[in-house]
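Notes for the one structure printed next.
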Amino acid sequence: MSVTLPPAVDLRAVHKAFGQVQAVRGVDLTIRSGEVLAFLGPNGAGKTSTIDLILGLSDPTAGEVDVYGMTPRHAVAKGLVSAVMQQGGLLKDITVAETVTYIANLFSETRPVDEVLERAGIASIADRMVEKCSGGEQQRLRFAMALLPDPELLILDEPTQGMDVAGRRDFWHAIRDDAARGRTVVFATHYLEEADAYADRIVLISHGRIVADGTPAEVKGLASGRTIRATLPGAQEASLRTMPGVDGVEVRGDTVLIHSSDTDAVARRLLNETAARDLEITARGLEEAFIALTGDDGPGSSPESSVAARRAAPSGAGDAP
Amino acid sequence: MGGFSVAVWRIEVRRLLRNRRTMIIAIAMPVIFFLTFGLNSSYATTAIGRGNVSAFVMISMALYGAVYATASRGATVSIERASGWSRQLRVTPLTPAAYISIKMLTALVLGAGSVVAVYVTGALTHKASMPLYLWIVTALCAWIGSLLFAALGLFMGYMLPAENVMQVIGLVLTVCSFLGGLFIPLSQFPIALQRVAAFTPLWGLNQLVHYPLVQGTLEWEWVLNLLVWLALLVAGAIWRFRRDTARV
């Protein structure tokens, strides 16, 4: 019977436009039950727009969105899916316990208020006014609210934005404990370390499209290879580019940066056949993968992501000039 | 029940009671107006219907206070929108109708404060006179009728940003109160203005609330005016609530 269960989320050719702005441009995505999935991408990539579609907060311009085989609104009303929103979403003039009680009474059936406060680690501040809570405490309050319907799918939109390191660690500790019980978790983040550390599947989004989808290791591997940095006066970019295994070349004065999937071979040729010296070979991390895969100045890129792309250009997107 | 809950209403009332400033304004203002306009010895004891002018003014001011209270309470949804709370509510089974009902019933608590304050002032100043049952009937009518402006407050709260919704409500309320005949009897207006006034939202309600005191004929236009505005404003509030999922 469980074999035929519909996937947690099924997006088919989904588009979402706000006037002239194309926020989501053709996303196909199936999220299976039990996955901990990260939407990773720069600000303005379309992460929150995609989450809004899954939550039924907005309707797709084209394409279809199913959550547990039904419409998002229906799934929300049945308590199958709940969300921890980005910033805001709280009333300042009520207490922590009142906030949770408020939301609890909107559902026909929920976990007990005391239990979710306990699990979110805020039972000790239940009587505190929301406006007196720190950013981390407010975020754990949002988490407690999201736990109320005991949802199959929990969606977190930039959950740790604005939290300090300790707050972030505590928050993820609570989420991980929870996910260990089998809940499907989808979170959006632009923190690479978070996606790497806490997700078992990363979906990389850029300019409203999925540009990579896989385990953290696979996504890192998509932009694999290493970069050689060497001093080579009078380097000819065109001739370097013809070397076997070279994916990208950049000449900056006397310094050349060569991106390659086989840096050993390239290094050997550089040392044997050219005047190159001071060779350095560095591996690319998830950050480079992220930048390589998302860092173009295409339409719809936010100022921030363009800056990130420009700053990152030297380390070599595969398609760099 | 679509998320309608007495527990939620209780929390909303607690929020209301914590907001002292709104409460003081909603209660003090109509009382001051009554003391200013309702006790003037040149007309206060003049007979009208089953009572006197002072009682008539008391009813007007209680209604004014109640609609101010409910409208300003309704308008607090603009703050909830600004904080993203209404977005949060959209990921619960809460239906627009249930939410609007909770909000309107909360606004009624503040409206009751205004009505009671004005009527107590009226009793203590010994000028207003009408049979006891009319004190109760007119107070109830003004109170329940103020629901209309709870809907107006909600609608405006969804339409306008938190920073200026109260100014707009203040202006709309003043215009509606004049055209509704709450401050000056409509018979003193030019005919053309009286015609226009009949289409404004406080016109029907004001006539109906005074009817038990004034007597005479009950015009069906009053009821029609009230029902049409109530339907429009509730529908408007629900419509805006449904659309209100914008990010903050």
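Backbone amide hydrogens, once placed in the peptide plane, bring B:SER129 within less than 5 Å of B:ASN52, B:SER54, B:ALA55, excluding anything fewer than 5 places away on its chain.
For segment A:65-132, chymotrypsin sites (Phe, Trp or Tyr not before Pro) are listed when DSSP marks them as loop and at most 11 other Cβ atoms sit within 10 Å of their Cβ; the list is empty. Within the assembled protein chains, the solvent-accessible surface assigned to B:THR217 is about 100 Å², based on a 1.4 Å probe. With every protein chain in place, what's the accessible area of A:LYS220 (1.4 Å probe, Å², nearest 10)? Taking all protein chains as shown, A:LYS220 has close to 70 Å².
Between A:ARG241 and A:ASP200, full extension at 0.36 nm per residue minus the direct alpha carbon distance yields a gain of 11.1 nm. For the segment B:92-103, counting C-beta atoms of other chains within 10 Å of every residue's C-beta and taking the mean gives 3. B:VAL234 contributes about 40 Å² of solvent-accessible surface, heavy atoms of the protein only, 1.4 Å probe. The distance between label points at B:VAL196 and B:ILE144 comes to 3.3 nm (points 7 Å beyond Cα on the Cα→Cβ vector). Using a probe of 1.4 angstrom, how much of the accessible area of segment B:6-246 is carbon and sulfur, in percent? After summing per-atom areas, the C and S share lands at 71 percent. Rounded to the nearest 0.05, what FRET efficiency is calculated for A:ARG32 and A:THR61 with R0 set to 25 Å and r the Cβ-Cβ distance? With a Förster radius of 25 Å, E is 0.45.
Once backbone amide H atoms are built at 1.01 Å from N, A:VAL249 has A:HIS259 as its partners under 5 Å, excluding neighbours fewer than 5 places away on the same chain.
List for segment B:7-28: residues with 10 Å² or greater reduction in accessible area, all protein chains versus chain alone, probe 1.4 Å? Correct list: B:ALA7, B:VAL8, B:ILE11, B:GLU12, B:ARG14, B:ARG15, B:ARG18. Per residue, chain A exposes an accessible area of 44 Å² to a 1.4 Å probe, with every protein chain left in place. Do you know the relative contact order of segment B:6-246, to the nearest whole percent, from alpha carbon pairs under 8 angstrom that are 6+ apart? For segment B:6-246, the relative contact order is 27 percent. For segment B:112-160 versus segment A:17-76, the spacing of their alpha-carbon centroids is 48 Å. The HN-Hα couplings worked out from phi for segment B:127-143 by the Karplus form 6.51 cos²θ - 1.76 cosθ + 1.60 (θ = phi - 60°) are 9, 5, 9, 6, x, 3, 4, 6, 4, 5, 5, 5, 4, 5, 4, 4, 5 Hz, whole numbers, x standing for Gly and Pro.
For segment A:1-115, the square roots a ≥ b ≥ c of the C-alpha gyration tensor eigenvalues yield an a/c of 1.5 or more together with a/b not exceeding b/c, which makes the shape oblate. Between B:TRP239 and B:VAL116, the simple spin-label model (points 7 angstrom out along Cα→Cβ) gives 3.7 nm. Using just its DSSP H runs of length 4 or more, each adding -39500 (n - 2.57), the protein assembly as shown gives a mean residue ellipticity at 222 nm of -16000 deg cm²/dmol after division by all residues.
Assuming R0 = 60 Å, what is the FRET efficiency of A:ALA17 and A:ARG128, from their Cβ-Cβ distance, to the nearest 0.05?
Efficiency at R0 = 60 Å is approximately 0.90.
Restricting to chain A, what percent of DSSP beta bridges are antiparallel, rounded to 5? Provide the component values of the computation, followed by the final result.
On the way: 37 of 55 bridges.
The answer is about 65 percent antiparallel.
Length, then width, then depth: along the principal axes, the Cα atoms of segment B:1-137 run 59, 28, 18 Å.
The angle between the Cα long axis of helix A:135-147 and the longest principal axis of the Cα atoms of chain A comes to about 60 degrees, rounded to the nearest 10. Interface A-B: total buried accessible area of about 2600 Å², 1.4 Å probe, protein heavy atoms only. Measuring from centroid to centroid over Cα atoms, what is the spacing of segment B:25-71 and segment A:93-155 in Å? The two parts, judged by their Cα centres, are 45 Å apart. Shown in residue order for segment B:28-35 are the 3J(HN,Hα) couplings computed by the Karplus curve 6.51 cos²θ - 1.76 cosθ + 1.60 at θ = phi - 60°: 6, 4, x, 5, 4, 4, 5, 4 Hz (x for Gly and Pro).
Which of the chymotrypsin sites (Phe, Trp or Tyr not before Pro) found in segment B:88-192 are in a DSSP loop and have at most 15 neighbouring Cβ atoms, other than their own, within 10 Å?
Filter output for segment B:88-192: B:PHE183.
Across segment B:30-84, the mean sequence separation of Cα contacts (distance under 8 Å, 6 or more residues apart), normalised by length, yields a relative contact order of 31 percent.
So how do B:ARG242, A:ARG119, A:ARG201 rank on accessible area, 1.4 Å probe, biggest first, that is with the largest at the start?
On the way: B:ARG242 140, A:ARG119 65, A:ARG201 25 Å².
Listed by decreasing accessible area, they come as B:ARG242, A:ARG119, A:ARG201.
Rounded to the nearest whole Hz, the Karplus-based 3J(HN,Hα) values (6.51 cos²θ - 1.76 cosθ + 1.60, θ = phi - 60°) of segment B:73-85 follow the sequence 5, x, 5, 5, 4, 5, 5, 5, 5, 4, 8, x, 5, with x at glycine and proline.
With 0.36 nm allotted per residue and the present C-alpha distance subtracted, the B:HIS126-B:VAL175 stretch has 14.6 nm of extension available. For a straight C-alpha distance cut-off of 20 angstrom, the lysines reachable from A:LYS47 (same-chain residues fewer than eight places away being disregarded) are A:LYS16, A:LYS220.
For the modelled label position 7 Å from the Cα of A:ILE281 along Cα-to-Cβ, which residues of segment A:227-253 have backbone nitrogen atoms closer than 11 Å? Residues A:227-229 fall inside that zone.
Across chain A, Cα pairs under 8 Å and at least six residues apart give a relative contact order of 19 percent. Please list, by residue number, everything in segment B:161-191 whose backbone N is under 14 Å from a paramagnetic label point 7 Å out along Cα→Cβ of B:THR46. Counting backbone N atoms under 14 Å from the label point, the list is B:184-189. Skipping prolines and chain starts, which residues have an amide H placed within reach, meaning under 5 Å, of the one on A:CYS133, given they are 5 or more residues away or on another chain? Answer set, sorted by chain and number: none. Considering only protein heavy atoms and a probe of 1.4 Å, how much of the accessible area of chain A is carbon and sulfur, as a whole percent? On chain A, the fraction of accessible area on carbon and sulfur atoms equals 49 percent.
The values are calculated or read from the model by the stated rules, or taken from the named source; none is laboratory data. On a predicted model such as this, the values are computed, not experimentally measured, just so you know. In this analysis, Cβ positions are derived from the backbone assuming ideal geometry, glycine residues included, and neighbour counts consider all displayed protein chains. Ligands, DNA and RNA are stripped out before the accessible areas are found, and what is left, the full protein with its side chains, is counted by its heavy atoms. Shrake-Rupley method; radii C 1.70, N 1.55, O 1.52, S 1.80 Å.
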